[in-house]
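Everything below concerns the one structure shown next.
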Amino acid sequence: MFLPQFEGYMPLANIACKSFARNKKSITRLEGKTIQLWGYLDSANIFPPNSGMVRFHESSFHVKPLANDGPGESIPVLLEGDKKQYAGLFKQLNTLAKQQERETIVLLSGTVQATEVQTNFNTLAGVVIHVNSTENIQFRQKNNISL
């Protein structure tokens, strides 16, 4: 599988598969650290402030590890701090989400949080990324052209 390269950014697919960590020990070592990641915008999971669609956090959107992952097979990005700073970001996210014929790559710098997820037979590790500023989020089209 070919993954584009973005200097300084690790593919989310290196640490996550769909909605879960690839390796519990590896994600635990990253917990609390700020890292630079990239993945694909999950256009079905955008939750602006005051949307009434609170799932994980009052302001969040999701990023998929691989372009062909389905809606919901993604990692939440929780937006911390003043909600007002994210108004423009959510306008841009919604515009990008409507352009379904083009895949949007999200580059972000954030702090990793590991979460335990209980299943019938196992305990999986979930991944959440906390971002504290719009300056830590960028968008690219799949052909690496900046938006």
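Here's a check for you: in segment 58-86, which residue that is touching a helix residue (DSSP H, G or I) at 6+ places or on another chain (Cβ under 8 Å) and either in a helix (DSSP H, G or I) or more than 20 Å from L12 (Cβ to Cβ) (or both) is modelled with the lowest pLDDT?
For segment 58-86, the residue satisfying everything is E58.
Filter segment 1-27 down to residues that are among the polar types (S, T, N, Q) and farther than 12 Å from V128 by Cα and give me whichever is surrounded by the fewest Cβ atoms within 10 Å (Cβ to Cβ). If you could, list the steps in order and put the result at the bottom.
First pass over segment 1-27, keeping only residues among the polar types (S, T, N, Q): 5, 14, 19, 23, 26.
Now restrict to residues that are farther than 12 Å from V128 by Cα: 5, 14, 23, 26.
On the way: Q5: 10, N14: 13, N23: 14, S26: 13.
If we take residues in segment 1-27 being among the polar types (S, T, N, Q) and farther than 12 Å from V128 by Cα, then Q5 is surrounded by the fewest Cβ atoms within 10 Å (Cβ to Cβ).
Can you name every residue in segment 135-147 that is more than 11 Å from T104 (Cβ to Cβ), at pLDDT 70 or above and open to solvent by 50 Å² or more (accessible area, probe 1.4 Å)?
Correct list: E135 only.
Restricting to segment 78-129, what's the tally of residues that are touching an Asp or Glu at 6+ places or on another chain (Cβ under 9 Å) and among the hydroxyl-bearing types (S, T, Y)?
3
Considering segment 68-106 alone, what residues qualify as being charged (D, E, K, R) and either under 15 Å from D42 (Cβ atoms) or open to solvent by less than 30 Å² (accessible area, probe 1.4 Å) (or both)?
Across segment 68-106, the qualifying residues are D69, E73, K98, R102, E103.
What's the number of the condition S109 fails, among (1) hydroxyl-bearing (S, T, Y); (2) open to solvent by 70 Å² or more (accessible area, probe 1.4 Å); (3) modelled with pLDDT of 95 or more?
Failed condition: (2).
For segment 87-112, which positions are touching a residue at least 12 places away in the same chain (Cβ under 8 Å) and in a loop (DSSP other than H, G, I, E, B)?
Q100, R102, E103, listed by residue number.
Among the residues of segment 112-133, write down those that are over 17 Å from S26 (Cβ atoms) and modelled with pLDDT of 90 or more.
H130, V131, N132, S133
With the checklist (1) in a loop (DSSP other than H, G, I, E, B); (2) open to solvent by 40 Å² or more (accessible area, probe 1.4 Å); (3) not aromatic (F, W, Y) in hand, flag the one item P49 doesn't pass.
Unmet condition: (2).
Failed condition for Q138, given (1) more than 18 Å from G39 (Cα to Cα); (2) touching a Leu at 6+ places or on another chain (Cβ under 6 Å); (3) not aliphatic (A, V, I, L, M), with all others met?
Exception for Q138: condition (1).
The values are calculated or read from the model by the stated rules, or taken from the named source; none is laboratory data. All figures in this text were calculated on a predicted structure; none of them were measured in a lab. Counting neighbours? That spans all protein chains shown, and the Cβs are built from the backbone with ideal geometry, glycine included. The area values use the complete protein model at the heavy-atom level, side chains included, leaving out ligands, DNA and RNA. Shrake-Rupley method; radii C 1.70, N 1.55, O 1.52, S 1.80 Å.
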